[in-house]
Amino acid sequence: MDLLTKFIDTYPVFIKGMLLTFQLTVVAVFIAIFIGLFFAFLKISKIKVLEWIADIYIFLVRGTPLVVQIFIFYFGLTALDISQFWSVVLGLAFHNGAYIAEIFRGSIQSIDKGQMEAGRSLGMTAGLAMRRIILPQAFRRAMPPLGNQFIIALKDSSLASFIGMYELFNVATTYGSNEYDYMSYLLIVAVYYLVLVLIFSVLVNMAEKKMASSD
Amino acid sequence: MSETYMIKVEKLNKSFGDLHVLKDIDITVKESDVVCLIGASGSGKSTLLRCLNFLELKDSGNIIFEGEKVEQETHDLNKVRQKVGMVFQHFHLFPHMTVLENVMEAPVYVKSMPKDQAKKEAQDLLRKVGLSDKENVYPSKLSGGQKQRVAIARALAMKPDIMLFDEPTSALDPELVGEVLSTMKELAEEGMTMVVVTHEMGFAKEVADWAVYLHDGKIVEVGHPEDLFNNPKEERTKNFLDSVL
């Protein structure tokens, strides 16, 4: 019951932290989707130089720990007078963009070649056929892995605590150290994360069902 | 040169890597002609068809469309393709759109036709192919024969001057072949210029003005289907016909 009391006593602060976690994640993933789409197009452009640029980007992201990336963005961008919030958001977006680029590349390439040919045979330009025919189908196919990536990003945002963002995980460790009781607050914060992930999973499932209505 | 030629192919060559698929093909299709391309798989008949709307680009030779030589490097191929309808073996309907949206798509987004006009025309076309009741259905709910008829309507929506059919019935269950062939036959009777890659010898005999037998990338024999099928002049044509009839 001790745990429950602590939970009730601290929830206003945790809710604030949760909102910040949620904001960080949503804004970062939103930007990452555009970064991902851009690099996915570079990857499928069949122009060697552009493919290399995308490969280098993905290599950099995959080859270094996220916490290092967040620190580099934090020290680099705050030096340019960009706020702490936006430096974390951009760091997370840069990181997730690489994984989302691979998700989009895969889903675009998974669409039957005949779809592009059908579009072209009707007189569409490659760009129009991409926009009207390929991308709507590719987005639908990308939904499950994108939802997955969002959940990963949500949990990864806890690393923002290392540069002092007062998001969920930081709230927990701050309470933990103030009250010499890490375990209780870590268990409490785990519940918050679980609830966030659960809510989001339900939303993604609903969206997928809605989009699948034509299949 | 002459305006009565819909499409004229001269000395067309096409290779995929080391594989020489089309060898010096000459063919002239006049307005309202219905031409069947026949031949074993690998003979190059589908590639020839795909060259006609530049889904495959030729290596050498000329393609003259409606009196104008099409230079594939400089010509706006999208403009040419707008006038050349194509029906595929595997339909390639857009699965994320309803039947009606499939047919409206190109007029609206390629020709910038107002939506209500495109809708009206699409409904007329669907009535013509006997699928008025399927307007708001998604392609996944249709039979193969219905899908192919929607694909024909989709191509017709661009008001093409010529229609290309790439084995339009090969992916269909036998009992669904008839409905697609009768739609095509109707189209031929309306005077549509058609080039059809097919294994349906009955259809070729009944509807085609002439047939072309391809073997190993070359045109072996050209003739009226009746003559070509009954009295082939070439041994290879005879062998092929024996194997399919």
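Some notes on this structure:
- For chain B, the fraction of 1.4 Å probe accessible surface lying on carbon and sulfur atoms is 46 percent.
- Per-residue mean of C-beta atoms belonging to partner chains within 10 Å, peptide B:92-100: 5
- Threshold 10 Å², region B:132-148 residues less accessible with all protein chains present than alone (1.4 Å probe): B:TYR138, B:SER140, B:LYS141
- Neighbouring partner chain Cβ atoms per residue of B:71-78, average, 10 Å criterion: 2
- For chain A, the longest principal axis of the C-alpha atoms and the axis of helix A:48-63 are separated by about 20°.
- Percent accessible area from carbon and sulfur atoms, region A:1-143, protein chains only, probe 1.4 Å: 72
- Electrostatic bookkeeping for B:ASP59 treats Lys and Arg as +1 and Asp and Glu as -1; over the other residues with beta carbon under 12 Å from its beta carbon, the sum is +2.
- Residue-wise HN-Hα coupling along region B:160-177, computed from phi with Karplus coefficients 6.51, -1.76, 1.60 (Hz; x: Gly, Pro): x, 8, 9, 10, 10, 10, 9, 6, x, 10, 5, 9, 9, 4, x, 6, 9, 5
- For B:SER112, the solvent-accessible surface with a 1.4 Å probe is about 90 Å², rounded to the nearest 10.
- Assigned charges on the beta-carbon of Lys, Arg, Asp, Glu; the protein assembly as shown dipole about Cα centre (debye): 900
- Rounded to the nearest 500, the helix-only mean residue ellipticity at 222 nm of chain A stands at -27500 deg cm²/dmol, with each DSSP H run of n ≥ 4 adding -39,500 (n - 2.57).
- Comparing the full protein assembly with the isolated chain, the residues of region B:44-62 losing at least 20 square angstrom of accessible surface (1.4 Å probe) are B:ARG50, B:LEU55.
- Tilt relative to chain A, helix A:135-156 - C-alpha long axis, 0 to 90 degrees, to 10: 20
- Buried accessible surface for the A/B pair, both sides summed and rounded to the nearest 100, is 2000 Å² with a 1.4 Å probe.
- Summed over the residues of region A:2-214 and divided among them, the accessible surface reaches 51 Å² per residue at a probe radius of 1.4 Å.
- Nearest-ten-degree value, helix A:66-78 long axis tilted from longest Cα axis of chain A: 90
- Computed FRET value (nearest 0.05) for B:ASP26 with A:PHE34, which takes r as the C-beta separation and R₀ as 56 Å: 0.65
- Charge sum, other residues only, whose C-beta stays under 14 Å from B:VAL177's C-beta, Lys/Arg counted +1 and Asp/Glu -1: -3
- Residues of chain B: accessible area per residue with a 1.4 Å probe, Å²: 43
- DSSP-assigned coil residues among GluC sites (Glu not before Pro) in region B:42-136, each with at most 12 further Cβ atoms within 10 Å: B:GLU71, B:GLU73
The values are calculated or read from the model by the stated rules, or taken from the named source; none is laboratory data. These numbers were taken from a predicted model, which means no experiment stands behind them. We place every Cβ from the backbone using ideal geometry, glycine too, and count neighbours over all the protein chains shown. Quick note on the areas: whole protein, heavy atoms, side chains included, nothing else; ligands and nucleic acids left out. Shrake-Rupley method; radii C 1.70, N 1.55, O 1.52, S 1.80 Å.
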